[in-house]
Structure formats: C-alpha cells, structure tokens
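Notes follow the structure.
The values are calculated or read from the model by the stated rules, or taken from the named source; none is laboratory data. Quick caveat: nothing in here was measured; it's all calculated off a predicted structure. FYI the Cβ positions are ideal-geometry reconstructions off the backbone, even for glycines, and counts take in every protein chain you see.
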Amino acid sequence: MSRQIALLRGINVGGHNSFPKAKQLELAESLGFGEVSVLLQTGNIVFADPGIPPQETARMLHDRIAAELGLTVPVIVRTRDELAAAVAANPFPQAVADPKSLHVTFLSAVPAGTSRLDGLDPAAFEPDQYRLTGRELYLWCPGGIGRSKLAAVVSRARLGVTATARNWNTVTKLLALADA
C-alpha cells in the first residue's frame, strides 16, 4: 500500500507548540487518513495515501492544526517513494555509520535562489559539509550538529521555501514505518 509521510516543523520543541503524539494520531484519523502511525513526539506522521497530492495533504493538516489547536505549523508531506528516493540520494554514505551526524532538511519546493548557500566557502566549515539535491538539503556534521558553524549558517539561509529537518535515524525509521 502506498503511504504519505507528514513532517511537522517545530512541534513539541523546547516546550513550544504542544501537540502530543496521541493528538497527532487523532487529528490525522479525523481527516480520514487510514493506518496512521506517529513516530516520536516531534511531528512525524505516516499514513495510507489518501489519494490526494502531498501538497494538498500538507494544506489539510496545516489548516486543521490551526483550526483545532490555534497553532501555525508548517507541514511538508512526502510520498513513501519520495522519501525512499531521498534516502537513496544521500550524498554522504560515510555518515550512515554515525546517523546523528547526518541531517536532511526537507523543503516544500526546489528553491528558486540558492545564493546564500552558493557563496559559502566549504573550506571554512570543514569537516562539515552540505549538499542541496532537489527538495532535500543534506547536512553532515561529523563533530555534532550542536557545535557546527555550518549548521548555524545553513539553518539561517533563507531559501524562500518551507523547510523542516530530521536526523538520519528519524529519516530511516520513517521509511521503515512507511514500508511496514
């Protein structure tokens, strides 16, 4: 069965945007989504493909969250196949051995302009690296994301699209859940 994966940005982080896992499940089911699973508390919802484009699914979730919880939560949705393609496209296969060092930022669209990233001097941030591939931005920080100067710069880069990041552990667990 085909599945979609909803990635909600900024849920249950630092005490903000409280949206418990049980409520996430309930909300997705109230929209008519079947076979709903929620991974972690931070807004990762996997469900049977409702037969509508991912962008429409994202809008439905966004609007329902705003109406029921009064929260403005950006939502990005990928199909199972799109998520599998993002995993397969990982430009840093050496990072898989330390999955907490690798992050994928999912973008709502391919950015029209990338000048804020293009102007970065990779040598200034070594050993950290990034790659923008379509609607995914991969960030590898071998020394940890918390100490990474590149992570701070990349996270502030305004690409003109909605974005939400997940570490490699979460990305691969979401794919496994979508395949279950």
Legend entry - Unique match (being more than 17 Å from Leu7 (Cβ to Cβ), in contact (Cβ under 8 Å) with a residue 12 or more places away in the chain and in contact with a strand residue (DSSP E or B) (Cβ under 7 Å, 6 or more places away or on another chain)) among Ala163, Ala86, Ala95: Ala95
Inset, instruction - Considering every residue within region 48-59, establish whether at least one is in contact with a Lys or Arg (Cβ under 7 Å, 6 or more places away or on another chain) and acidic (Asp, Glu). - result: yes
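Pick from region 88-113 the residues that are β-branched (Val, Ile, Thr) and under 16 Å from Ile76 (Cβ atoms): which of them is surrounded by the most Cβ atoms within 10 Å (Cβ to Cβ)?
Pass one, region 88-113, residues β-branched (Val, Ile, Thr): 96, 104-105, 110.
Restricting the remaining residues to those that are under 16 Å from Ile76 (Cβ atoms) gives 104-105, 110.
Values: Val104: 23, Thr105: 21, Val110: 13.
Filtering region 88-113 for residues that are β-branched (Val, Ile, Thr) and under 16 Å from Ile76 (Cβ atoms), the one surrounded by the most Cβ atoms within 10 Å (Cβ to Cβ) comes out as Val104.
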Legend entry - Matching residues, region 114-153, being more than 12 Å from Ser101 (Cβ to Cβ), surrounded by 16 or more Cβ atoms within 10 Å (Cβ to Cβ) and touching a Lys or Arg at 6+ places or on another chain (Cβ under 9 Å): Phe125, Arg135, Leu137, Val153
Inset, instruction - Working only within region 1-51, note down all residues that are of a type outside the set (S, T, N, Q) and assigned to a helix (DSSP H, G or I). - result: Lys21, Ala22, Lys23, Leu25, Glu26, Leu27, Ala28, Glu29
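Going through region 19-77 one residue at a time, which ones are of a type in the set (Asp, Glu), in contact with a strand residue (DSSP E or B) (Cβ under 6 Å, 6 or more places away or on another chain) and surrounded by fewer than 16 Cβ atoms within 10 Å (Cβ to Cβ)?
Glu35
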Legend entry - Where Asp63 falls short, out of the listed (1) closer than 19 Å to Thr162 by Cα; (2) more than 18 Å from the chain's Cα centre (by Cα); (3) not in a helix (DSSP H, G or I); (4) not aliphatic (A, V, I, L, M): (3)
Legend entry - Selection status of Asn12, farther than 19 Å from Ala109 by Cβ, modelled with pLDDT of 90 or more and among the polar types (S, T, N, Q): no
